[in-house]
Structures are given as C-alpha cells and as structure tokens.
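The values are calculated or read from the model by the stated rules, or taken from the named source; none is laboratory data. None of the values given here were measured: they were computed from a predicted structure. For neighbour counting, all protein chains shown are included, and Cβ atoms are generated from backbone atoms with ideal geometry for every residue, glycine included. Just so you know, the surface numbers come from the protein's heavy atoms only, side chains and all, with ligands and any DNA or RNA stripped out. Shrake-Rupley method; radii C 1.70, N 1.55, O 1.52, S 1.80 Å.
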Amino acid sequence: MSAVLAAVHDVGEGELFAAVPAAQQLVLPSLARTGIHLEKSMSAGLNAYGQPVGPPLPDWTARPAPARVTLEGRLCRVEPLDADRHADDLYAAYALAADGSDWTYMTSGPFEDPADYRAYVTAATQVDDPLEYAVVDLRTGRAVGTLSLMRQDPSDGVVEVGSVAFSPLLKQTPVSTEAQFLLMSYAFDELGYRRYEWKCDSLNAPSRKAALRLGFAFEGIFRQAMVYKGRSRDTAWYSVIDSEWPYVGKALREWLSPDNFDAEGRQKRSLSIVRAADEEPGH
C-alpha cells in the first residue's frame, strides 16, 4: 500500500489532510473514496479454495463500442469531429491562446498553420479509437474544443476520455463541464460501461485538478509509462465506476442547472459545494 493510501486507511476523514504530505494533497478528497472501494473489493467473497475473489457478474455481456453519435446539451453539442465542419473554427479558437503551452502535455501540437491542423484532423477522423468529438458552443455554433473516447474495451466495459484540447473559448466555462458530462453520461447511461478513465501526465496539474473537480477518483501513478515529444512521462490515473456514477452525475446535473447561475452567468454554488451538500444526511 502506498504511503498516501496508508494514510487514508489509518486515519479518519477529519485527519486526512494532516496525515498526508502537502505535495500529495492534490489527490484528495478522492483517495478516501478509492480506499473504501479497495477494502470493499478485497472482502468481496471467497471461492471454493478459500481465496478472495471479486463480485460475480453472471449477467455481464460485452458493451457496444462508442459510436459517432451527436450528444445535445443545453449549452453545447458534442458531435463527431469532421475536418470540413470543424477544423477552421478550431484552429481559430486555439490561436487565441497567448502561446503554445496548452499543447505541452498533448501528444500532438502545436500546429504551424490552418493547413497543418486540418491535416491532423483529417488523419484523426480516419480511426475509431481514439474516437474524436468536437464541442460546439450553441451560442455561436462554432467548434471550440475536442475530446475523445479512447483505449476502448467493450468486453470489459472500460473506456478513457482523452485528447482533451479545449481552447480559451471553452476552458473553465460551464460549456466545458457540460461537454464532459455529456460524454460521461453517454458511456454510463447509454453504453452501460462499468469504468470511465482519465489519464494525464503526472506533472499536468490543471488536468489533475479538472479530474478531481469532475468527480474522478485518483488511483495512483504509473511510472515511466510513456515516451512522448522526446521525454518520459509518469501517468496519473483517475476513474469513475458505474456504482459512483449516480452520485457523480447527480452533482454535475445540479451544478449545470440554469438555477445555479445568475443573470450574468456566474455560478451560485461551486461543484464542490454541490457535491458536499449531496453528501449531507437526507440527500
């Protein structure tokens, strides 16, 4: 057991932050939920030889693979990425960034010009895994970011959201949260997947913060998991599983409700406050 998980195991929630080094507190509060799930899975049952085994799934069947579907929300539409429909708008949106730092932790980019980006999109849309989607802001009708469903494992009901490239027009907006929610809901509610993953460079603090905000649980670091752009990457793993989705999805729906925003579009309650309120007795 890692030092962080050991701290979660040995102390109560009120003492959690005092027991974990400050540099590792980025992973909280999801570790407490992860540790509880680990204990439950370890005590699932015994087989005929007295060995601990996981819960039986007698009715499990392989799930459908993700498809090129269009997901409609109140603020945005998530639709299959298409070079002719989206490439020009996306390049213009990405060009609003002050520099190329948004591409530091991506396996692709930055792109030299619109033609370079269009060539990338054309190639990306020729494969089914990763399956790329564009995020279209309904106020403007323009594509403002992309994300994908990748490392698809229909037989086990596992999929990862990845290649998240949100432009300055999309980052840290309710539209970005709704786009993530729509794709999560598609995986759990329509496809019936059991596990929805988020992985990123362990040094990518904004991505790790976003995963926790959305309700993902931190699972650990895979050391030297990748080589990209000429450098080594340790990968931070996060997930939401199907038993957690009703709780995670409820908080996202409540935060995205029009009632949670004032006339200027400012949130009345943060997602963390919404989630904490849902944990109170009676909710």
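With the convex hull of the Cα atoms taken as the outline of the stretch 168-243, the averaged projected area works out to 6.0 nm².
Just the protein heavy atoms count here, and of the accessible area of the stretch 109-229 at 1.4 Å, carbon and sulfur take up 51 percent. A viscosity of 1.306 mPa s and a temperature of 10 °C, combined with the Kirkwood radius over Cα pairs in Stokes-Einstein, give a translational diffusion coefficient for the stretch 227-273 of 116 µm²/s. Here the average projected area of the convex hull drawn through the C-alpha atoms of the stretch 126-230 stands at 8.0 nm². Take the Cα radius of gyration of the stretch 35-148 and divide it by 2.2 N^0.38 Å, N being the number of residues; the result is 1.59. Distance from the C-alpha centroid of the stretch 71-150 to that of the stretch 188-205: 19 Å, rounded to the whole angstrom.
When the P(r) is computed for the stretch 198-283, the part past 22 Å accounts for 41% of the Cα-Cα pairs. Taking label points 7 Å from Cα along the Cα-to-Cβ direction, V53 and S272 give a separation of 4.3 nm. Using the Cβ-Cβ distance between K250 and L46 with R0 set to 25 Å, the FRET efficiency works out to roughly 0.15. Per residue, the solvent-accessible area of the stretch 69-192 (1.4 Å probe, heavy atoms of protein chains only, all protein chains present) comes to 44 Å².
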